[in-house]
Structure formats: C-alpha cells, structure tokens
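Inspection log for the structure reproduced underneath, given as structure tokens.
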Ligand code: MOS
C-alpha cells in the first residue's frame, strides 16, 4: 500500500503533539554510533569485496589546455599494472544540475589544475599509485598569462538582481550610513572520509559502494554519465564520513571505478588521496561583498544594499548564493541586491556547508555591527528593530519566525551587556578581551521523498529508504519518528538506509534531510495507523498507540496476525512555497581574546540560540548546532584556500595547511534550542538545522575581535597578520 501527501497548506494540528510514546525529541544516542567508533561500520572503501583491483587517478599538472597523448604501453609494462583507463567520459564535465544535457567540456580538455584525466588500474594500491605517478603523457597548455585565475581581474556577469526604490538616494539622505567592502576566502568541505568507490560489474548490472549524499539523484547522474538505464545500477552508501556538500553529486572516483569495472569485468576500487580531494572536488567560492546600510536616528533601516562577486569555471551555472537570506532578514524599503560571477580556471565552485549564508551572513552581520556603532544603538536592539513583518519586497508572510526570541534568549544566557560599547575596555596581560554578536538566518529547503515502513509480525517495525546518514543522526531520528507514530520504543524500530534498492528518499543536502524524509516516514505511518484502526474497529482519530498496543485495545502482534503490514509514504512539497517564507533563525554571542603583540585570536566562549521548528532528537540537533558553530570559528579565523596566482594551482591541499578548527580552538559551546513548531515548513513542523548553525557565527567572532582590540578586520579569515595590521 502507499500513501501520498502533497503539502499545500500548513499542518497546524500535528499528530506528533498528541502521540503518547514519548520517544520523539528525546536525546537518544546514535543507533549506529557503537559500530562507528568500534570500526565495524564499513565506509565506502572498506566493503570486503574479493579480488578487487585498485585504481589511482592521474591528474593534470596544468590549469588549461588539452591532453594530447598517453603512453599506455609504457605504463602497462610496469609491475602489477592491469589497465590504463582514459575513457573520454572521465574528462567530460557534466553541467551541474542539468542531467541529460550535453557536457560543457570537450573530451581531454583540461579546465583546472589537478583535473583527473586517466585511471591506472593495478593489482595492488601501491603498484597503481607508483604507475600513476610515472604515467607519461603529452599535453598542450594554454599561455598561462592569458588564463584568468584572479576573480577580481576576470570577466564577470551579473546573475541575479533585486531592486526596489532608490538605494543611492537613501544612503545620501540617511542619518547613519555604512558602506563596507568585506571579503571571504574560498573553503573546502574537508570531510574526514575521502571520496571513494568500489564498482562491480556483472556483465549487465553495475553495483557501486560509494560515499555519497544523494543516492536518489546520484543514480540518475551515474546512469546518465554511463549511458545506462537506472534499473541496472545499484548504489550503496550506508555510512558516510561527512559530506558538507562535497558528495552531493558523483565525482570522478565513482565514474572512473565504474568505467574500469565495466571495461575489465572485475571489481575496481578508487579512493581519492587527500590532495586529490582538495584539488578536484568542488570548492566554495571566495567572495568580495559590498554592504550598504542606510538608517535613521533610531537605527531603523531605510536602505539595504548587498552585492557580491563570486567565481566559477566558465559555463558552470552554480554561483555561491550569498544573498539568499539577505532578501528577507532585515527591512529597508530601498533595496539593491546583486550577484556577479567571475569566470576563472579553478576547480568547480559548488555547494559547501550552508552555501550562500555561510559567507553572506558574516559579511552582512559585520556591517550591522558597524551600523550599531555608527548609530549608537545596541547591536541586539538594532537587529530587533529591523525585523520585518513580512518579506520586504514580496510581502509574503513568514511561516514562523523566531529571530527575536533567539536574540533575547541567547543574550540572557550569555550575559550580554547592553550598555554603551567601546573597543579596548578590558585587558588581561597581553590579551585584549571583548564580546560580539550576530544574527543567524538560513532558508528552509524541503524536497520530495519516499520511505517504506513495515510492521513485522513480532511487533517490530522496519524503515527503509535510500536516504543517507552523513553523520547527522538520520538513522536515529527516523527510528524515533516511526516509533512515535506507531507506539513503539526506539529499539523496536530497525532503520535501513543508503541503498537504492529502497524507496527514493530526499538525499542529505541543504539541511532538508530530516524534514523531507521525516515527512515521508510520517506519511507512511499515517497509512499504517489507518489500517490498524480499521482492523481494531476503532475510529482512526481515536487511535492511541503505545508500547506495542492500541490503548485499551489489542496489541500490534494480534492485529498483524503473523503477516507483514507495509506502507510506502510519499511526501511532496506543494505550492506552499509560494505562500510563505520559511527559514531558520538564530543568534550567536562570542567572547574572544586578542593578543596585543601577535594578533592571535582565541575564542573564550560562545552561545548560540536557534529556532528550527520541531526538535526530533535533542542530542543530534544540539550536535548539529555545535558543528555549525565550529565551522563559524573556522570561517572567522583560519579556513582559506590559497591559489597560486601564476599557474592557478591550489597551494594548501591537505589538512596540515588548510586549517579547520581542532579541539584546542573550540571552547565550550552553549546551545539553546528555541521552542518552535513550523506548520508550513513540513507536515512534521520541523525545519533544517545543520547549516543554520554556521550562518553568521563568524561575524560574532569578528565583531568581538573589534570590541576587544579595536581591529576592524574586513577580510575573513581574521588571521593574526590581518588583525595586527588593523590594530589602532
Ligand atoms: Mo550541503 S552544502 O547541501 O551538503
């Protein structure tokens, strides 16, 4: 049986507020946690597959040109080498998000330094790596002095613009005005598990164990790339060691392993080295942003301007969407928002954790801090005064909006002093100490999703969907949701994910996983409850399920009578998108210390409050918020991709040179989850969490650096050299 729901109106009366089981929302530990920490959860490269050949990708040592010839014979003479795969499809870069259209790149054409163009397959990994390193080939590189590497100097085009009123006029008329240029660095996803795939071809069917976020979509991508039917492909990603956007789409390891396995009729494993992950997987674009804020005496905005320059390869459609939440976060009737894209030859720019707001919000929130100083209005108060009643241009109402509550609750918990603010008021030895704050905002995304829920004759339930758990807690929350709906304790629900043999989920991306596939489980369980009610002869609305039985009625085991009862839930967001602006909101407060001699910044403590609708699991949700705050520290202080201006290669392509925050960089992170139900966001009234945690946090740290030391740094990350240079 199956149940379909298309949400076209808010679900104000949610069953989940009435069910008596009490498992949903509880801070349960991850069900797969023990397997992960004891090393028994196999990641993509670890599946025990017999007689597996090893493939290593060969990458281009130049940024633009063509590969002319490859010396296969020489390579094949090396010890253990079985094949050199140089299939044209390896270098044909599909246009992002346009499955089915012609590739945007010609075969053997190289568009960025480090682009893979061949795969060497050998009996052992060491043999493959050695041979790949010594593969001889000829190439024609373009004149590097003519290749655009620098986004500021490259050609660009405007991709998006919103205009209302007259911003320039509002700026010149304003009592208080801020016009700031702020830059952010390019970022890497830096997931702990490198990209990996093991492909097995049996002559007509292809099975690939891979590390992917979106199996429901990846299967179409792979089918498309190989010219195969989806029905002949199976993808498996049961455990994923982080994705952060880098595994939204298939990458060359997946394609290369598949092509090699099909050519050799043997299983082939391809694992990217850490350097290859940095060089070939999508980057977050660096940005240059201009913020213009015009305000009256009381700090109320009359003008709001946010423009930015981001970059990507020629013909790529993705542009870091830095304006996403700026469209509706604050008022100001005179508005100009614009996004320009420069065409440069760096690896493809794409989604990295919280695409858009991760870097757009920090810039905006630094500008807001400057306006607070300029107008003499307390920074928290300034934000409260500028929360619009509805979308400032379209007039659309918010589905639910908790920014004010987040600001107030976080300020209280942090102990924010709303008195007059001046930099350099507190010194402890060689450290200046100060505080800062920022708002958080992130659009809520949701997608269609399917899940099957089966009640077993022994009174347990099984949830199946090809949804992935990328470390976020999906296994756990789907079990809690089904348990809550069916009146079963969490340990009576088995959740199976990450296999395209199961119904198509939503994939994990854009923080839509929990609300999308959670809604599919909810819909499936509604169908099961209906059937149970009819079997028990009671009214559907009166069914109360707890601990395996209908209240004052029969047990599930009796009702099942020895047979499975299965329901597929299919959730689709309807037109509700047009009726409401749905977003998660929050606030961050930070205390930092800045060394007066070295410019080093240490984060002392940080408080975040977030409103993201219903909390499905207090522990995994908190963990998501904390993860976002850790990212915020990285954006603020250390993370930056550095490209060589001469030949365009990425200079810092490992975790020793690309600095993510480590334990010593992260203080106690205090997280407040603000009570909220968002009936228009999803039938289960939940919104996305993961990315919200990093959408602005870097500005709280930047603003605290200013308050502590008087250094108003305009470039992220705020490394010691930059802080020192900006100190008064
Ligand atoms: Mo996300 S950057 O859509 O995994």
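The values are calculated or read from the model by the stated rules, or taken from the named source; none is laboratory data. Quick caveat, the model's predicted, so the values are computed rather than measured. Backbone-built Cβ (ideal geometry, glycine too); neighbour counts: all protein chains shown.
Note on the range 177-202: residues that are surrounded by fewer than 22 Cβ atoms within 10 Å (Cβ to Cβ) and over 30 Å from residue 233 (Cβ atoms) amount to 6.
Total residues in the range 260-280 satisfying the condition of being under 18 Å from the mean Cα position of the chain (by Cα) and either within 16 Å of the ligand (Cβ to nearest atom) or in a loop (DSSP other than H, G, I, E, B) (or both): the figure is 1. Any residue that is out of contact with any strand residue (DSSP E or B) (no Cβ under 9 Å at 6 or more places or on another chain), more than 16 Å from the ligand (Cβ to nearest atom) and farther than 29 Å from residue 690 by Cα - is there at least one of those in the range 250-259? Within the range 250-259, none of the residues are out of contact with any strand residue (DSSP E or B) (no Cβ under 9 Å at 6 or more places or on another chain), more than 16 Å from the ligand (Cβ to nearest atom) and farther than 29 Å from residue 690 by Cα.
Among the conditions (1) at pLDDT below 95; (2) touching a strand residue (DSSP E or B) at 6+ places or on another chain (Cβ under 7 Å); (3) not assigned by TED's automatic domain parsing to the domain that holds residue 565, residue 80 misses just one, which is (1). Could you tell me whether the range 644-657 includes any residue that is buried (at least 21 other Cβ atoms within 10 Å of the Cβ), part of a strand (DSSP E or B) and modelled with pLDDT of 95 or more? For the range 644-657, residues buried (at least 21 other Cβ atoms within 10 Å of the Cβ), part of a strand (DSSP E or B) and modelled with pLDDT of 95 or more: present. Restricting 41, 45 to residues that are outside any loop (DSSP other than H, G, I, E, B), within 30 Å of residue 273 (Cβ to Cβ) and touching a residue at least 40 places away in the same chain (Cβ under 8 Å) narrows the list to 45. Would you be able to say whether some residue in the range 441-462 is in contact with a helix residue (DSSP H, G or I) (Cβ under 6 Å, 6 or more places away or on another chain), within 16 Å of the ligand (Cβ to nearest atom) and closer than 27 Å to residue 179 by Cβ? For the range 441-462, residues in contact with a helix residue (DSSP H, G or I) (Cβ under 6 Å, 6 or more places away or on another chain), within 16 Å of the ligand (Cβ to nearest atom) and closer than 27 Å to residue 179 by Cβ: present. The conditions of being modelled with pLDDT under 95, in contact with a strand residue (DSSP E or B) (Cβ under 8 Å, 6 or more places away or on another chain) and not assigned by TED's automatic domain parsing to the domain that holds residue 694 are met by residue 160.
Among the residues of the range 335-362, those identified as under 19 Å from residue 158 (Cβ atoms) and in contact with a strand residue (DSSP E or B) (Cβ under 6 Å, 6 or more places away or on another chain) are 335, 336, 337, 338, 339, 340, 341, 342, 344, 349, 359.
Name the single residue, out of those in the range 209-231 being part of a loop (DSSP other than H, G, I, E, B) and within 16 Å of the ligand (Cβ to nearest atom), that is surrounded by the most Cβ atoms within 10 Å (Cβ to Cβ). The residue in question is 212.
Restricting the range 491-503 to residues that are surrounded by 20 or more Cβ atoms within 10 Å (Cβ to Cβ) and not in a loop (DSSP other than H, G, I, E, B) leaves a set whose member that is farthest from the ligand (Cβ to nearest atom) is 492.
If you go through the range 672-691 and keep only what is part of a loop (DSSP other than H, G, I, E, B), away from the ligand (no atom under 13 Å from the Cβ) and either closer than 24 Å to residue 447 by Cβ or in the same structural domain as residue 469 (by TED's automatic domain parsing) (or both), you end up with 676, 677, 678, 679, 680, 681, 682, 683, 684, 685, 687. Determine which member of the set 718, 727, 714, 694 is more than 16 Å from the ligand (Cβ to nearest atom) and under 14 Å from residue 590 (Cβ atoms). So the residue among 718, 727, 714, 694 that is more than 16 Å from the ligand (Cβ to nearest atom) and under 14 Å from residue 590 (Cβ atoms) is 718.
Yes/no matrix, rows are residues, columns are (1) in contact (Cβ under 8 Å) with a residue 12 or more places away in the chain; (2) farther than 30 Å from residue 448 by Cα; (3) touching a helix residue (DSSP H, G or I) at 6+ places or on another chain (Cβ under 9 Å):
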site: 167; (1), (2), (3): yes, yes, no
site: 175; (1), (2), (3): yes, yes, yes
site: 192; (1), (2), (3): yes, no, no
site: 211; (1), (2), (3): yes, no, yes
